[in-house]
Amino acid sequence: MPADPRTAPSRPQPTLRERFNAMRNLPPFLRQVWATSPTLTLTSLGIRLVRAVMPVLMLYIGKLIIDEVVRLVGLGLGFVDLGQAWDSGQLDYLLWLVLAEFGLAVLSDLLGRLVSYAEGLLSELFTNATSVRLMEHAATLDLEDFEDPELQDKLDRARRQTMGRMSLLGQLFGQVQDIITVASFAAGLLIYAPWLILLLAVALLPAFIGESHFNALGYTLNFQWTPERRQLEYVRQTGASVESAKEVKIFDLHRFLIDRYRTLADGFYGANRALARRRAVWGTLLSSLGTLGYYVAYAYIVWRTIRGDFSIGDLTFLAGSFRRLRQLLEGLLVGFSQVAGQALYLDDLFSFFAIEPEIRSKPDAVPVPRPVTHGFVFENVGFRYPDAERWAVRHLDFELRAGEVLALVGENGAGKTTLVKLLARLYDPDEGRILLDGRDLRDYDLDDLRANIGVIFQDFVRYHLTAAENIGVGQIGSMDDRERIVDAARRAMADEVIDALPGGYDQLIGRRFKTGVDLSGGQWQKIAIARAYMRDAQVMILDEPTAALDARSEYEVFRRFKELSHQRTAVLISHRFSSVRMADRILVLEQGRLEASGTHEQLMAAGGRYAELFELQAAGYR
Ligand SMILES: Nc1ncnc2c1ncn2[C@@H]1O[C@H](COP(=O)(O)OP(=O)(O)OP(=O)(O)O)[C@@H](O)[C@H]1O
């Protein structure tokens, strides 16, 4: 069961300083927005600038209208009907004022729509650009990073941020607009009653502090529940996907999965609800303080009007200004705390981008020699998975000579796959070093090294693409080279599988999509092995991708592999001794150590574990 996040060691609630510090994320965020589309950014900011001063203009025209009406009433002209009043010309000024206000109202609406349009587009572009950056950055990270659950949590949060931060954009720009509007109202009010503005600001402060407190709590809640939310996602997928449907049915797992989903989802819902409830109660209390401030100011203006200091038009302008100012200030303060809250989330996005891969090319990296003349030498190589107590492999000293076919045997967990991963520099050794033609593997250009090594792992990927594409991914640059793909398929004995497909090489395989045709485990493996033949690699490694092949097929695959690996260095991993014995040399691994090495005959003659395991398997066939 997942750890209860309330008792599990958790991230403490961000302090006020952390919250303010998070604001440092805003400039890079804005830079990225700008880089996404300068035109759209300028358009929306420009329009918002114009919109910002419209409210005060409209309110002022409203004041002029009322003053004019009061003046006209005071004149006691006693018009009989509208026609007469119209002809007298006394209404002209009023008419212009009303028309001006109408024009402003229409323009304001139009500009509002334009802003939404521009920002909608900008947000979408920004989300897409960030998603692409996320994928690009993820591609540079080490395998070790990916295997770290903490990184997976971070990646999950970052992924959510690419979507979630769309609202931040509109909010930030809205804040800028509101600040200008506030300034324009404040300038108007300053002439009449400056200290009232201060009163409003002070009255609103508690609501602001409350808001930012709850935003931080909300962030902490989301942060703490990331692992559970990932589990939720996992359970949901397991409960309803093609890949797991078979087992879920046979083992009747759906109730178990649903129960687990419910438990997790209820926990998150409960925590969320409790926070929302507290937020609602406190929010209401604190914002009523702001309301109080507003009414004190209102009463003061009314009193000054009664005393004759202000006209009726002034009263409407002032009261309206105050109402708007209060709304705006409240919005600004709440918005500010929300922006600060969202900036905390940006931390997740940026801290994901800040992860630096450890395995990368040195600035003065050299290309891999072509051809490799001596081969690889492992010198006292040891490697331990992060947080693991046991060494996965240790004290490995051996040579993999150029042009040699080497087989790795050993029981489950002996370290065979780890050794291969070290060879392909998916990890770097924690102890000792690996040399290629006398130079440390770390001196070579990483891309070139990987291009020279073709590995098919036991857990190779089944791409839900066409058969040709499934092979083509082995050498992405030759995806369109059908001849090469067909040739690779033939070598891996995948051609017969593909010929039997209704669509041949263009047949979509896998069951995920409507027109897809699924393959058997062994058929998938043949396709995956063809991938290795696509590569122009000097070193070929088959890490047990043949386990599902029938005995004859595996034998045949390995026989061809050996034949075709002529002049190539090759590593085979298999639990079938009939295949292993074809290798030039065999390394026997036992609990991460090299136990013995030699040809099949030598190892049999030595009578160690190899001979024992071989006999065990042979006896099974007799
Ligand atoms: N990603 C990982 N994180 C932590 N430990 C790992 C990881 N992969 C493997 N191990 C551990 O390292 C040891 C060696 O594993 P490895 O996969 O190299 O064995 P193997 O010989 O290939 O086994 P098999 O025959 O089952 O494929 C095992 O004890 C395993 O539990």
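The values are calculated or read from the model by the stated rules, or taken from the named source; none is laboratory data. Just so it is clear, the model here is predicted, and its values are computed rather than measured. We place every Cβ from the backbone using ideal geometry, glycine too, and count neighbours over all the protein chains shown.
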Query - Among (1) closer than 21 Å to Arg360 by Cα; (2) in contact (Cβ under 8 Å) with a residue 40 or more places away in the chain - the single one Asp440 does not satisfy - result: (2)
**Report entry** Filtered residue count, the stretch 581-619, keeping only those that are within 14 Å of the ligand (Cβ to nearest atom) and more than 24 Å from Gly382 (Cα to Cα)
**Finding:** 1
Query raised in the report: Which of the residues belonging to the stretch 235-280 are loosely packed, with under 14 Cβ neighbours inside 10 Å and either in contact with a helix residue (DSSP H, G or I) (Cβ under 6 Å, 6 or more places away or on another chain) or under 25 Å from Gly521 (Cβ atoms) (or both)?
Result: Gln237, Ala240, Ser241, Val242, Glu243, Lys246, Glu247, Lys249, Ile250, Phe251, Asp252
Report summary line: In the stretch 365-401, anything farther than 15 Å from Leu449 by Cβ, more than 14 Å from the ligand (Cβ to nearest atom) and not in a strand (DSSP E or B) is listed as Thr373, His374
Query - Candidates Val381, Val372, filtered to the one that is modelled with pLDDT under 90, at negative phi and not assigned by the TED database to the domain that holds Asp145 - result: Val372
Requested in this report: Answer with yes or no whether Gly403 is under 20 Å from Leu542 (Cβ atoms) and small (Gly, Ala, Ser).
Outcome: yes
Report summary line: If we take the stretch 188-300, then helices (runs of 4 or more DSSP H) inside it with 2 or more residues that are touching a Gly at 6+ places or on another chain (Cβ under 9 Å) and touching a residue at least 60 places away in the same chain (Cβ under 8 Å) are 194-224
Query raised in the report: Is there a residue being farther than 19 Å from Val455 by Cβ and part of a helix (DSSP H, G or I) anywhere in the stretch 573-583?
Result: yes
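Can you name the residue in the stretch 60-108 that is outside any helix (DSSP H, G or I) and among the aliphatic types (A, V, I, L, M) and, of all such residues, is farthest from Phe317 (Cα to Cα)?
To start, the set of residues in the stretch 60-108 that are outside any helix (DSSP H, G or I) comprises 76-81, 89-91.
Then keep just the ones that are among the aliphatic types (A, V, I, L, M); that gives 77, 80, 91.
On the way: Leu77: 26, Val80: 31, Leu91: 21 Å.
Looking at residues that are outside any helix (DSSP H, G or I) and among the aliphatic types (A, V, I, L, M), I get Val80.
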Query raised in the report: Condition test on Glu136, is it among the acidic types (Asp, Glu), closer than 30 Å to Ile359 by Cα and either buried (at least 18 other Cβ atoms within 10 Å of the Cβ) or free of Cβ contacts under 8 Å to residues at least 24 places away in the same chain (or both)?
Result: yes
Report task. Would you be able to say whether some residue in the stretch 174-183 is away from the ligand (no atom under 16 Å from the Cβ), assigned to a helix (DSSP H, G or I), more than 31 Å from the chain's Cα centre (by Cα) and without any contact (Cβ under 8 Å) to a residue 12 or more places away in the chain? Result -> yes
Query raised in the report: Taking the stated definitions as given, is Leu264 within 30 Å of Val202 (Cα to Cα) and in the same structural domain as Ala203 (by the TED database)?
Result: no
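Mind telling me which of the residues Ser131, Ser184 ends up being in the same structural domain as Asn21 (by the TED database), surrounded by fewer than 17 Cβ atoms within 10 Å (Cβ to Cβ) and of a type outside the set (A, V, I, L, M)?
Details: Ser184 fails: surrounded by fewer than 17 Cβ atoms within 10 Å (Cβ to Cβ).
Going through Ser131, Ser184 in turn, the sole match is Ser131.
Which of the residues belonging to the stretch 530-548 are within 16 Å of the ligand (Cβ to nearest atom) and either β-branched (Val, Ile, Thr) or not in a strand (DSSP E or B) (or both)? Spell out the reasoning first.
Of the residues in the stretch 530-548, the ones within 16 Å of the ligand (Cβ to nearest atom) are 541-548.
Scanning the stretch 530-548 gives Ile541, Glu544, Pro545, Thr546, Ala547, Ala548.
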